[in-house]
1. Out of the residues in segment 44-91 meeting the condition of being of a type in the set (S, T, N, Q) and under 26 Å from Asp188 (Cβ atoms), tell me which one is most open to solvent (accessible area, probe 1.4 Å).
2. Can you find, within segment 92-143, the residue that is farthest from Ala53 (Cα to Cα) among those that are open to solvent by less than 40 Å² (accessible area, probe 1.4 Å) and assigned to a strand (DSSP E or B)?
3. Considering only residues that are of a type in the set (A, V, I, L, M, F, W, C), away from ligand 1 (no atom under 12 Å from the Cβ) and open to solvent by 40 Å² or more (accessible area, probe 1.4 Å), which ones fall in segment 173-198?
4. Please state which of the following conditions Asn34 fails to meet, knowing it meets all the rest: (1) away from ligand 1 (no atom under 14 Å from the Cβ); (2) in a loop (DSSP other than H, G, I, E, B); (3) not small (Gly, Ala, Ser).
5. List the pairs whose first member sits in segment 69-96 and is over 16 Å from Val15 (Cβ atoms), whose second member is surrounded by fewer than 18 Cβ atoms within 10 Å (Cβ to Cβ), and whose Cβ atoms are under 7 Å apart, counting only residues at least 6 apart or on separate chains?
6. Does Glu77 qualify as being of a type outside the set (Gly, Ala, Ser), over 14 Å from the mean Cα position of the chain (by Cα) and more than 16 Å from ligand 2 (Cβ to nearest atom)?
7. Taking Leu147 as the residue in question, decide whether it is in a strand (DSSP E or B), within 22 Å of Gly20 (Cβ to Cβ), without any contact (Cβ under 8 Å) to a residue 60 or more places away in the chain and of a type outside the set (Gly, Ala, Ser).
8. Conditions first: (1) part of a helix (DSSP H, G or I); (2) away from ligand 2 (no atom under 15 Å from the Cβ); (3) not β-branched (Val, Ile, Thr). His160 passes all but one, so which condition is the exception?
Amino acid sequence: VAQQFGPQRLSGQNVVVTAGGTQEPIDPVRYIGNRSSGKMGYAVAQAAVAMGANVIFISTRPELPVPAGLHKMIYVETAAQLQGTVSSVFEGADVVVMAAAVADFKPAQYVTHKIKKQPNTTEMQLTLDRTPDILATLGQQKTHQFLVGFAAETDDLLQHAQTKLAAKNVDLLVANDVSQHDRGFGVDQNAVTLLQPNAVPETLALADKSVIATQILERVAELLA
Ligand code: CTP
Ligand code: CA
């Protein structure tokens with residue numbers, strides 16, 4: 001009974017999960033990206049399915065195996081596409097987990113042909129524009145949705161994470177130290193701290209991302225109940 005009850009704690013919940021780093025094109029052959037592998041988001045999507053949720057999964061990583069049992073799989077590349085896709089499914093969502101590493105800046109102009117250098121070219125300047133903050137926008141728009149954000153930090157982890165928790169109006173923030181090589185970006189393990197409004201932060205021990213993902217969603221299920 002415990003095994004059946006435990007894993008089905010998100011039964012009937014519509015959960016939207018985003019994963020991977022966005023890619024912001026410069027020209028047809030180049031883009032601005034980041035070191036996010038998408039593995040944490042994939043682990044969250046898989047754990048949400050295992051807990052009985054209807055999962056809409058939005059990813060920037062078509063080369064990774066599709067998690068089994070999804071309600072819907074959608075691929076995007078850019079922050080703008082991610083925002084459009086997330087907002088189209090937001091109203092029907094009960095939980096949104098923004099594990100994607102959204103680019104903060106994109107090239108101000110997309111050049112439609114491959115940018116060429118000349119023999120005497122020694123430098124090049126690229127002007128970048130801010131992208132929309134998807135999570136902060138959802139935080140302003142939410143009515144009933146439970147919002148989970150992530151914070152990737154190399155310094156002053158808890159302080160920056162607290163600021164993001166409040167500024168983006170999220171219900172649960174997963175703070176991720178990306179300065180250490182055994183956890184976070186690109187690897188299979190992670191150690192995170194969970195922050196909630198008006199609660200003492202809780203640090204989870206270094207573990208496989210699948211274990212961390214389940215712990216995050218167990219907390220979500222508790223807070224929804
Ligand atoms: N995020 C987002 N849209 C953006 C940037 C970030 O939705 N344009 C979301 C991420 O998916 C994550 C959270 O905001 O859930 C925090 O992302 P992070 O990069 O850690 O923080 P930023 O607010 O972008 O601040 P900074 O990068 O300057 O630390
Ligand atoms: Ca950022």
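1. Going residue by residue through segment 44-91, those that are of a type in the set (S, T, N, Q) are 46, 54, 59-60, 78, 81, 83, 85, 87-88.
Those still in the list that are under 26 Å from Asp188 (Cβ atoms) too: 46, 59-60.
Numbers: Gln46: 80, Ser59: 0, Thr60: 12 Å².
Of everything passing the filter in segment 44-91, Gln46 is most open to solvent (accessible area, probe 1.4 Å).
2. If we take residues in segment 92-143 being open to solvent by less than 40 Å² (accessible area, probe 1.4 Å) and assigned to a strand (DSSP E or B), then Pro107 is farthest from Ala53 (Cα to Cα).
3. Within segment 173-198, just Val187 meets the criteria.
4. So Asn34 meets the others, but not (1).
5. From segment 69-96, the pairs are Tyr75/Pro62; Ala79/Pro132; Gln83/Pro132.
6. Numbers: of a type outside the set (Gly, Ala, Ser): yes; over 14 Å from the mean Cα position of the chain (by Cα): no; more than 16 Å from ligand 2 (Cβ to nearest atom): yes.
Here the answer is no, as Glu77 does not meet what is asked.
7. Details: in a strand (DSSP E or B): yes; within 22 Å of Gly20 (Cβ to Cβ): yes; without any contact (Cβ under 8 Å) to a residue 60 or more places away in the chain: yes; of a type outside the set (Gly, Ala, Ser): yes.
Yes.
8. Here His160 meets the rest and fails (2).
The values are calculated or read from the model by the stated rules, or taken from the named source; none is laboratory data. In this text the structure is predicted, and so the values were computed from the model without any measurement. Here Cβ is always computed from backbone atoms with ideal geometry, including for glycine, and neighbour counts include all displayed protein chains. For the accessible areas, the whole protein counts, side chains as well, though only heavy atoms, and no ligand, DNA or RNA atoms are used. Shrake-Rupley method; radii C 1.70, N 1.55, O 1.52, S 1.80 Å.
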